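Following: one structure in structure tokens, then a few remarks.
The values are calculated or read from the model by the stated rules, or taken from the named source; none is laboratory data. What you are looking at is a predicted structure, and each value in this text was computed from that prediction instead of being measured. Virtual Cβ from ideal backbone geometry, glycine too; neighbours counted across all protein chains shown. For accessibility, only protein heavy atoms count, side chains too; no ligands or nucleic acids. Shrake-Rupley method; radii C 1.70, N 1.55, O 1.52, S 1.80 Å.
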Amino acid sequence: FTCDLIRNFSIIAHIDHGKSTLADRLLELTGTIKKKEIGKNEQVLDKLKVERERGITVKAQTASMIHTFGGKPHVLNLIDTPGHVDFAWEVSRSLAACQGALLLVDASQGVQAQTISVFHIAQERGLKIIPVLNKIDLPAAQPERIAAQMQSTFGTDPDDIICISAKTGKGVEEVLQAIIDRIPPPNGMTTAPLKAFLFDSLYDRYRGVISLVAVQDGILKKGDRIASCHTNKKYEVQEVGIMHPEEIPTNGLYPGQVGYVACNMKESSEAHIGDTLHRVGAAVDPMPGFKPAQAMVYAGIFPVDTSDFPKLEESIKRLALTDRSVTVQRESSTALGQGCRLGFLGTLHMDVFRQRLEDEHDANIIVTAPTVPYKLVYKNKDVYISNPTEFPDAIDVSSKVLEVQEPVVKASIIVPEDYFGDMMDLCFTHRAEDLEHRYLDAGTGTSARIMLNCVIPLSEIVTDFFDQLKSRSSGFASFDYEEAGYKASDLSKMVFLLNGKPVDALALIVHRSHEDSIGKEWVKKLVKVIPRQMFEVPIQAAVGKKIIARETLKAYRADVTAGLYGGHVERKMKVLERQKEGKARMKRMGSVNLPQEAFFDLMSSK
Ligand code: GTP
């Protein structure tokens, strides 16, 4: 296939607007997969169990289709992108492999926060955008109104919009034709040195990492010796082919083509999205703007039963092989024993990993409260910390820390006007700054929608922000964010003391304005989950030397007088007295044992 017979495109959309359904229809229409019973809602491109359960796409999947237009077979390469904010960066990189994108919008919901962010990414990359309105079969669909919204938001010409129902298949043929007519073919030279853009990877238990590439120039063949521009590591190509939709080996991949390469990469972390592959000895200019994905949310994972650690570590390592964006380090805690500290792209990514550990590896685990990476600015260096235990007890002269900074994001929320006040309130209580808003469409009364933009600390988002956003807007608000660097912030370490002793695994980094509420909330939770002891246990939240909140866990009083008959009051008093002494001694000497189950309850309670 020469370049003019190839089209590389992606479907971009807000979550749930029907991307996977449309992808399935396209695959069916081109005979790439067999037609399924409509309404079965089983998507070919979605593969992970968690994805099916949650109905979202986490892992991007790519497929090549062959379709005949004007008597000539064409190759259409669908480069699928994940549909969640955590993976925005991956979306951006995978779009670099395409020349065009279908911008899919649900005709009953209209433009949502992610519609806007993916539109901008595609536009910045200079892609040809084909606007598509989906779900026109729904009674609530308002294609004219949404078309007007797209015109005012993106400058879309309403005549360019294709109206479809991915569910019934109506209009999907027209989409195929538009891909051919409107999206420019890739261009590349067979004779130029090999240059292949790596935009995704899969993990195969037997062959290791399979990279997905878009060949820009040159030919990629079995036996080629290739190298990565990013790591300089060298590999020998064992197999190349196309995804149709499963792997089908071919003789080679030519300019403009999209396919897979198996070249004995051992770990997914070797396949950097956005990397450029070239032939050994024939270096090329790498694709610009490459940076490896950065973990933005960290949490400790510990086994409920401490003796399970070796098994858990093995499971985590195996799972991490298949997920290039997770980072793993060992961590040990006095309260929880051996565990691992993991870095994730975001909280959804964390939930997905945790669920896979539980489902696929049968792990029984405790996950500590998530934290973001904080930056400690010293005179001559910056130190990033991803674990609250590494945070200085007090930020003062002795710590030599000049400033503490935290990551912030630019957030946008789209919400019906009625919920605007609630959303403003939500933003304020989560330390949002630079709030601004504008009307998205000139709808009347309750249907007008507002877009709210602000800068908000990432740490505020990793806790309960998303849940609150959904509940306080009755599910109507949509939300998206992008990283916006670091900002100085008044943060300190909060520790929790049980019987005067700090519990390392419970340490948190909190903003001054939240100290009271968080301190109170956590001691309340703790007092509920810790089993009573023979003595009274104070549970305290402290910042530096200051106690912020306190609860007291009442002693569990063993009935030491049970064995005494009759009314020997004196003796009874004596026994009770002795018990009291004993308790005082225990309290002085003994530490409170915080069982793993209590941790588990604590971390899973909301
Ligand atoms: P993510 O995987 O989360 O990115 O979502 P998605 O954009 O892939 O959406 P998906 O294809 O999973 O569709 C979301 C829901 O909308 C599913 O329940 C689909 O059955 C439904 N749906 C998709 N297209 C149509 C359509 O044309 N009409 C109707 N009525 N429902 C549709």
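Summed over the residues of the stretch 166-208 and divided among them, the accessible surface reaches 53 Å² per residue at a probe radius of 1.4 Å. Going by a ≥ b ≥ c, the root eigenvalues of the Cα gyration tensor, does the chain fall in the rounded group (a/c under 1.5), the prolate group (a/b larger than b/c) or the oblate group? Judged from the Cα gyration tensor, the chain comes out prolate (a/c at least 1.5, a/b above b/c). Summed over the residues of the stretch 427-508 and divided among them, the accessible surface reaches 43 Å² per residue at a probe radius of 1.4 Å. Counting only protein chain heavy atoms and rolling a 1.4 Å probe, the accessible areas of Tyr203, Tyr384 rank, largest first, as Tyr384, Tyr203.
How would you classify the stretch 315-441 from its alpha-carbon gyration tensor, with a ≥ b ≥ c the square roots of the eigenvalues: rounded for a/c under 1.5, else prolate if a/b is greater than b/c, otherwise oblate?
Judged from the Cα gyration tensor, the stretch 315-441 comes out oblate (a/c at least 1.5, b/c at or above a/b).
Please list Ile365, Ile121 in order of solvent-accessible area, largest first, computed with a 1.4 Å probe with all protein chains present. The partial results should precede the final answer.
Values: Ile365 5, Ile121 35 Å².
These residues rank, largest area first, as Ile121, Ile365.
Our summary gives the stretch 342-417 a relative contact order of 25 percent, counting only alpha carbon pairs under 8 angstrom and 6 or more residues apart.
Packing-wise, with mean Cβ within 10 Å as the measure, how do 247-255, 373-381 rank, highest first?
Numbers: 247-255: 17.3, 373-381: 14.2.
Per-residue mean Cβ counts within 10 Å order the peptides as 247-255, 373-381.
Calculate the FRET efficiency for Tyr439 and His361 from the Cβ-Cβ distance with a Förster distance of 60 Å, rounded to the nearest 0.05. Working shown, then result.
Numbers: r = 49 Å, r/R0 = 0.81.
My answer for the efficiency is 0.80.
In terms of distances greater than 27 angstrom between alpha carbons, the cross-link table entries Lys195/Lys487; Lys317/Lys400; Lys72/Lys221 yield Lys195/Lys487; Lys317/Lys400. Taking each residue as 0.36 nm, the span from Lys128 to Asp204 lengthens on full extension beyond its C-alpha to C-alpha distance by 24.0 nm.
For Cα pairs less than 8 Å apart in space and 6+ apart in sequence, what is the mean separation divided by the residue count of the chain, i.e. the relative contact order in percent?
Computed value for the chain: 10 percent relative contact order.
For the stretch 280-379, the solvent-accessible area of protein heavy atoms averages 43 Å² per residue (probe radius 1.4 Å; ligands and nucleic acids excluded). Available extension along the chain between Asp4 and Ala488 is 169.1 nm, counting 0.36 nm per residue and deducting the alpha carbon span. Put simply, the amide H of Cys163, placed in the peptide plane, has neighbours under 5 Å in Leu133, leaving out anything fewer than 5 places away on its chain.
Got a number for carbon plus sulfur as a percent of the chain's accessible area, 1.4 Å probe? If you can, show how the numbers build up before the last one.
Working: 13850 of 27680 Å².
Reported share for carbon and sulfur atoms: 50 percent.
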